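Here the structure comes first, spelled out in structure tokens, and everything after it is commentary.
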Amino acid sequence: MRVIASSLRKGNIVDLDGRLYVVLSAENIHPGKGTPVTQLDLRRISDGVKISQRYKTTEQVERAYVEEREYQYLYQDGDGFHFMNMESYDQVTVPGDVIGEQSAYLQPEMKVKLSVHEGVVVAIELPQRTTLQVVQTEPTVRGQTASSSYKPAVLSNGVRTMVPPHITAGTRIVVMTADGSYVERAKD
């Protein structure tokens, strides 16, 4: 399926010269003078090589047919990450290099979307937000204003993030899975 370059988004799968690539980032650049372009950072699915491509925003790019299905995360072992299809109860093992840095946010029974191309899992999409516990954070310094200052914290998955001063160790918070940024205190 051919699409214009400016319509590509993170996570899309494209076919360049017979090889599949996953889009890591897509940025549309509109210079003051000249032709607008789309800058794509891509990772080759077969061997993990990263490349950058630049297209005119109206250029056609071959988008690979990928089936997206909902799976439930089960566990991780030496073979990789194990997921279960929610409809057929079939299990699939995904290698760690497909999941990458997102593995820190995987929690048992989490529902994710796996992109499957010709029977092979090529990409994973996590929920936008997840709830984690703050394991360690610095005490609040008196006189800090709550509106502008954040302090570093370590979450239960080992990720470091910045949290408001009122958050203490043991507090459950909601974070964005894309970058680990603080959203709000968990309501549970």
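Brief remarks on what is shown
- For L20, residues with placed amide H under 5 Å, excluding near neighbours: I45, S46
- Over the residues of the chain, the helix contribution to mean residue ellipticity at 222 nm works out to -500 deg cm²/dmol, using -39500 (n - 2.57) for each DSSP H run of at least 4.
- Along the axis of the charge dipole computed for the stretch 9-72 (Cβ charges of +1 for Lys and Arg, -1 for Asp and Glu, origin at the Cα centre), the listed residues G34, S46, N12 are led at the positive end by G34.
- Projected label points at S46 and V116, each 7 Å from Cα along the beta carbon direction, are separated by 2.3 nanometres.
- ³J(HN,Hα) computed for each position of the stretch 66-77 - Karplus, 6.51 cos²θ - 1.76 cosθ + 1.60, integer Hz, glycine/proline x: 10, 8, 9, 10, 8, 10, 10, 6, 9, 6, 10, 9
- FRET efficiency, E125 to T171 (Cβ-Cβ, R0 25 Å, nearest 0.05): 0.35
- Approximate shape of the stretch 68-174 as ellipsoid semi-axes (Cα gyration tensor, √5λ), whole Å, largest first: 36, 12, 12
- Residue-count net charge about K151 - beta-carbon cut-off 12 Å; Lys, Arg +1, Asp, Glu -1: 0
- Mean separation of Cα contacts under 8 Å (6+ apart) over length of the chain, as relative contact order %: 14 percent
- Most mobile listed residue (V49, V116, V92) in the chain, GNM with C-alpha springs under 10 Å: V49
- Area of S46 that stays accessible when all protein chains are in place (1.4 Å probe, Å², to 10): 100 Å²
- Residues with amide H under 5 Å from that of A169, placed H, sequence gap 5 or more: T137
- Approximate spin-label separation E68-S181, in nm, with each point projected 7 Å along Cα-to-Cβ: 2.2 nm
- Principal axis dimensions, largest first and in whole angstrom, of the stretch 14-61 by Cα: 38, 17, 10
- Dividing the radius of gyration of the alpha carbons in the chain by their Kirkwood radius gives 1.05 for Rg/Rh.
- Span from the the stretch 162-188 Cα centroid across to the the stretch 1-70 one, whole angstrom: 33 Å
- Shape category assigned to the stretch 93-137 from the gyration tensor of Cα positions, a/c cut at 1.5: prolate
- Computed over protein heavy atoms with a 1.4 Å probe, the carbon and sulfur contribution to the accessible area of the chain reaches 47%.
- Close amide-amide hydrogen proximity is noted between A64 and I13, V14, D15, each under 5 Å apart and 5 or more residues distant or on a separate chain (H modeled in the peptide plane; Pro and chain starts excluded).
- Taken along its three principal axes, the alpha carbon spread of the stretch 27-96 comes to 53, 26, 19 Å, from the longest extent down to the shortest.
- Ligands, DNA and RNA are left out, and with a 1.4 angstrom probe the accessible area of the stretch 19-103 is 62 Å² per residue.
The values are calculated or read from the model by the stated rules, or taken from the named source; none is laboratory data. Bear in mind the structure is a predicted one, so any value in this text is a computation, not a measurement. Positions of Cβ are backbone-derived with ideal geometry, glycine not excepted, and every protein chain shown enters the neighbour counts. For the accessible areas, the whole protein counts, side chains as well, though only heavy atoms, and no ligand, DNA or RNA atoms are used. Shrake-Rupley method; radii C 1.70, N 1.55, O 1.52, S 1.80 Å.
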